[in-house]
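Derivation of every value follows stated rules applied to the coordinates shown; laboratory data play no part. Just so it is clear, the structure is predicted and the values come from calculations on it, not from any experiment. For neighbour counting, all protein chains shown are included, and Cβ atoms are generated from backbone atoms with ideal geometry for every residue, glycine included.
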Amino acid sequence: MTLAEAAAEAEALVERGDERALAELRTRWDDEVEHAARSRDYRERAVAYRAIAQFRYRQKTELLRRGLEDESPACRGSALLALESLSREHPGVVNGVRALLHELAARDGNEAVRRLALVALRNGSPDRATIQLLEGLAGDDEQARELRDTAAKVAQLLRRKGDRRR
């Protein structure tokens, strides 16, 4: 079985709510995920970053941070997808890498990576600096339309979250 197949199985176990089987699968594949995340091959690293979310490895957020700084846009994108998935129920995951997400959203050379960073930011706390960054991107005619639209939607969502907390 490949790492990608094991990760798909882990995702199925999560959907079924079989925590015990998931824990066993995590234990068996822990070293392989670590090894793949450090591979020279960007495709193996990308699979590893996706697998972190599929296995629900919340303790591997430091590996995801490395993925966010990876030279490969595919790896950065996979790490962002994993981060977004893990942060749906745990906003602290996003809050812990907020500055890096701001950097990716504002300056990454790959537009898809920039949009994924914006999407991940929606799961964090409604931070004032984040909302200002998003509003700035949304109002910047130099940015691609999809990026501006995504930034506007995420800014609006975070403002609403902030209003509900008050």
Net charge (Lys, Arg +1; Asp, Glu -1) of residues whose beta-carbon lies under 12 Å from that of E69, E69 excluded, is -1
With a cut-off of at most 15 other beta carbons within 10 Å, and DSSP calling the residue loop, which GluC sites (Glu not before Pro) in region 1-95 qualify? Please list them. E69, E71, E89
What length, rounded to one decimal in nm, is gained on full extension from A129 through to E142, with 0.36 nm per residue of separation minus their alpha-carbon distance? 2.6 nm
Positive-pole candidate from L147, L22, N95, dipole of the chain, charges at beta carbon: N95
When averaged across all projection directions, what area in nm² does the alpha-carbon convex hull of the chain cover? 10.0 nm²
For region 3-165, the dipole about the Cα centre with charges only on Cβ (Lys and Arg +1, Asp and Glu -1), to the nearest 20 debye, works out at 620 debye
Whole-number percent relative contact order across the chain, with pairs defined as alpha carbons under 8 Å at least 6 apart: 15 percent
Cβ-Cβ FRET estimate between R65 and A152, R0 fixed at 41 Å, reported to 0.05: 0.90
What's the local net charge at R45, with K and R +1, D and E -1, over the other residues with C-beta under 14 Å away? +1
222 nm [θ] for the chain, helices only, -39500 (n - 2.57) per DSSP H run of 4+, per residue, to 500? -24000 deg cm²/dmol
If R0 = 25 Å, then R160 and A4, at their Cβ-Cβ distance, give a FRET efficiency to the nearest 0.05 of 0.10
Region 82-165 shape via C-alpha gyration tensor axes, a/c threshold 1.5: oblate
